[in-house]
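Enquirer: Take this structure, written in structure tokens, and hold onto it; I'll ask about it next.
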Amino acid sequence: MARSGPFVPVLALAAALLAGCGSPPDKTAGAAAADDRPQCPLTPQALAEVTALQWELKERRDEHPLETAESIKAMVCLYTAADAPQEGSDPLTMRVDLVEGADSATIRKNFTDTCTENGGEVRDVSGAKVCDRNGSVVEGLAGAGDRAIDVYWVNADTSTATRFTPVFHRILAAVAD
């Protein structure tokens, strides 16, 4: 089950980012870079604790223009779990977009609008929000104040999304505000 709406560009970005997975690590990939940049707001270890899958931070992009709102820049972090292959044998992929500053209000509004326009229901869970579409949660929003953190499955099939719906709120709780 992919994220609904005009998100084909998101899938294209995920494919482009994952295409470089066999390349040597660089400063945008994973936790290998020991520098002063802020870390992704979710760790592979925290994701593993919630899902019981082995996750890897495959790609990180700073100041990346969002596909649905190119004027907004985000820290984009892509995580993959090879032990949960999806359709086409692609690894399960989760994306986390961190937006800070005044644009965080726009991200919150877009989250609510996109969810409801696509037949979903926004629910509050433990200080965060999830979008429930037909009994499956594929996206959530964490963060407060001037931080909005959009967390979503990029390519989860229906059975995977259903399997992780009961623990999606725990994934959001693991996100560092």
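Enquirer: For region 60-159, just run the numbers: alpha carbon Rg, then divide by 2.2 N^0.38 Å, N being how many residues it has. Provide the component values of the computation, followed by the final result.
Expert: Values: Rg = 13.8 Å, N = 100, 2.2 N^0.38 = 12.7 Å.
Against the empirical 2.2 N^0.38 Å value, I get 1.09 for region 60-159.
Enquirer: Mind giving me the nanometre distance, one decimal, between the label points for Q45 and S71, set 7 Å out from Cα along Cα→Cβ?
Expert: Between Q45 and S71, the simple spin-label model gives 4.1 nm.
Enquirer: Using per-residue counts of other Cβ atoms within 10 Å, averaged over each peptide, order 41-52, 132-143 from highest down.
Expert: Working: 41-52: 17.6, 132-143: 21.0.
For the peptides 41-52, 132-143, the packing ranking is 132-143, 41-52.
Enquirer: Here's a follow-up. Quick one: which of 97-104, 150-157 comes out on top by average Cβ neighbours within 10 Å, and what's the full order, highest first?
Expert: Details: 97-104: 18.4, 150-157: 22.8.
With the highest mean Cβ count within 10 Å placed first, the list reads 150-157, 97-104.
Enquirer: Right, here's the next one. Whole angstrom only: what separates the Cα centroid of region 33-112 from the Cα centroid of region 140-161?
Expert: 8
Enquirer: Could you order L78, L57 so the one with the most accessible surface comes first? Probe is 1.4 Å. Please report the intermediate quantities before stating the final value.
Expert: Working: L78 0, L57 30 Å².
Of L78, L57, the descending order of accessible area is L57, L78.
The values are calculated or read from the model by the stated rules, or taken from the named source; none is laboratory data. For clarity, every value in this text was computed on a predicted model and none was experimentally measured. Heads up, the Cβs are rebuilt from the backbone with ideal geometry, glycines too, and the neighbour counts pull from every protein chain shown. Only protein heavy atoms, including side chains, enter the accessible area calculation; ligands, DNA and RNA are left aside. Shrake-Rupley method; radii C 1.70, N 1.55, O 1.52, S 1.80 Å.
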